[in-house]
Amino acid sequence: MTITEIDYTNYKIFVFDLDYTLNLHEFHTSDYTEKIIELLNLLKKHNKILCIATHNKYPKDYLKQITIQNYFDEIIYEQKNVSAWVNSIKDYTSKKVMLTEIMNKFNCNQNEIVFFDDSHHNINEVNSLGIKSILVSCKTGINTCEILNNFNN
């Protein structure tokens, strides 16, 4: 499914990967950050739940760098190489596990979530749950204009 084929107003939860989806690293520009902030503001205005599901071990640092850390209701991330005595740490092996946790936390069905990622593997994995998944380019990230136009029509 492509970004233009979805009626985003039908979804309750928007889940984003971080690396090369929201944070483009070497491709990242201030213009892209402004578009992401505009999109996140619009989603919040429409009472959407925003989540991050990432294998990045330090998502809060990256979110602070691109000034979007306060928009998210839930941030689930990979936390490997942590001392075993910390029993609240989870070792996520897949985005499927992360998205299942989000569904459980917010008491929603898979048809209420849309997921954005730059990895074909993660998209296929999450699609197997019946969740709408959008593959984004690792060089351009989310096409914010298409989603913004959907809400403005």
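Taken together, the values in this text are just the output of simple stated rules run on the coordinates, not laboratory data. Predicted model, so just to flag it, every value in this text is computed and none were measured.
Based on alpha-carbon centroids, what's the gap between the range 119-153 and the range 1-70 in Å, whole number please?
When both Cα centres are located, 11 Å separates them.
May I have the extent of the alpha carbons of the range 94-153 along their three principal axes, as whole Å values ordered from largest to smallest?
Result for the range 94-153: principal-axis Cα extents of 30, 26, 15 Å.
If I take the Cα coordinates of the range 1-65 and project them onto the principal axes, what are the three extents in Å, biggest first?
Taking max minus min along each principal axis of the Cα atoms, the range 1-65 gives 32, 25, 24 Å.
Give me a comma-separated list of calculated 3J(HN,Hα) values for the range 37-47, in order, Karplus coefficients 6.51, -1.76, 1.60 applied at θ = phi - 60°, integers in Hz, x for any Gly or Pro.
Values per residue, Gly and Pro as x: 4, 4, 5, 4, 4, 5, 4, 5, 4, 8, 6 Hz.
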